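Written below as C-alpha cells is the structure these notes are about.
Here, each number is a calculation from the coordinates, and none is a lab measurement. All figures in this text were calculated on a predicted structure; none of them were measured in a lab. Because the Cβ atoms are built from the backbone with ideal geometry, glycine has one as well, and the counts that use them run over all protein chains shown.
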Amino acid sequence: MTLQSVREGWRIAVDQLRSNKLRSGLTVLGVVIGIATVMAMASIVAGFREQIVNTLEVVGPTTFRVLRYFSTTGVNPDAVPREIRIRPKLVPQDAEAIARLPEIHYAAIWTQVFQRFEYGGNHTRILGVFGADDRFMEILGGGISSGRSFTAAELRGGEPIAIIEQRTVDRLFGPINPLGRIVRIGGHPFKILGIWQRPTNIFEVPGAPEIAAIVPFEAAHRSFIIDEWNSLIILVKPKPDVSVNRAMDAATVTLRRLRGLRAGDTNTFDLLTSDQVLGIFDSLTGAFFFVMLVLSSIALMVGGIGVMAIMMVSVTSRTREIGLRKALGATRRAILWQFLVEAATLTLLGGIIGIVLGLGIGEVLKRLLAFNTTVPLVPAAVATVASILVGLVFGIAPAARAARLDPVEALRYE
C-alpha cells in the first residue's frame, strides 16, 4: 500500500508540476538556492584541498619549514608584538648548520617577493619571485627546459641572474630566445640563465600571484626589500630513512644551540610540517564551509516554508478531489502519503536542479582558478537527502490537513 501511495503521489506531483509550472518553480526556488550554494562551496573547497595536497606531494610530505614566527594571518611588520620582535631573524647560517646534520638531505633559506617583469616595453602583472639556491627543483619540481641553473660561485656572489618560468617567457619574449637577455624584475636588471618548466599546483594559492622566476637568495636580498617576519623560510628535507620527527628534533637542537637557548627557554622559531599545513587549510575552509552551510540552511528553510504554503494552497484548491478520493475508499494514510510524496517530489526536483547548478558554478570557478577536482559525491548525496527531508518535514502540516478532511464536507466544498 505504501509503495502504491508513493507511486501515485509521485504521479500526481508530476501532474501538478506540469499544470502549475510557475507556481512550482517559485516554490522550489529557495531549495535550489540552498542546495546550489552547498554544492558550489563543496566543489570549490574540494578543489582547493586537492590543490594543496598536490603541492605537498611534489614538495614532499616529509618536507618541513622553519619560520621566524608562524601565524595564519601573518605578522604586521609595522606593529610587531614584543614576544615576536625579540626573536632573531632567520639567516643563511641557520640553514647551513641544519644542512650539515646527518639526518638532513636538504636545507636552504628561501625568500619570496612579488614584482612586475619588464622587457622591451612589455610588462607583466605582479608575479612571485623566489630567492633560493641551485637545488630549488628538489622543492618545486619541474625541470630546466633550456639554459642552465646557478653555480655555487653565482649563489655566493649574489649575481643578478634569473631562471624564468616558461609562461612568463612566452608573455614577455614571444618567439625570441630569452637566454642571455636582460629582464627587469621590480626595476632591477637580471640576466636570464635558464627556462624553468614548472609542474602544476606548486606553492601557489589560486588567485595569488604565480611563481615567475627563481633568483639566487643573495641577489633577492640585495635587490628587493625583504619582509623579514613573513617572507624568510628555511625548507628542510630529511634523508629518506629518517622520520620527520627525528629530523625536526635534530633541527630544533641545532637552532637552539645557535641561539644560545637554555633548557627552560622557549623556542625562538617555529616548525611547520606538511600535515600541519593541510590541517590549517582544513580548519580555515571548515569554518568558511560552516558559514556557507548556515546560510544555505536558511535558504532551505525559506524554501521549505514556501513548499508548506504552496501545499496548503494546493490542499484547499483540491478539497473536492480529496473528498472524492475518500468517498471512493482512500484512507487517511493514503491521502497523507500522497501529499507528503508530492512535497518531497517538489523539493527533490529543486535539490537536483540545485546540485546541477552548484556543480556548474563550481566548474566555472575552478576553470577560472585553473585547478581540477573530482565531483564531491558525499555533499551531493547529502544535498539530495536534505532536499527530500525538507519536503517531508514541511509537507507534514499540509498532508495532515488533507488527511483530516471530512469527505462529506469536502464534496460540498465550492
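Quick look at the numbers
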read-out	value
VAL302-ASP15 pseudo-label distance in nm [points 7 Å out on the Cα-to-Cβ vector]	3.3
For VAL169, net neighbour charge (Lys/Arg +1, Asp/Glu -1) across residues whose Cβ lies under 12 Å away	+2
Cβ-defined net charge surrounding VAL80, 14 Å radius [Lys, Arg +1; Asp, Glu -1]	+1
Net lengthening on full extension, ASN267/ILE182 (0.36 nm per residue, minus Cα-Cα)	26.3 nm
For the range 69-268, fraction of C-alpha pairs farther apart than 25 Å, in %	42
Distance (nanometres) between label positions extended 7 Å along Cα→Cβ at ARG135 and PHE70	2.2
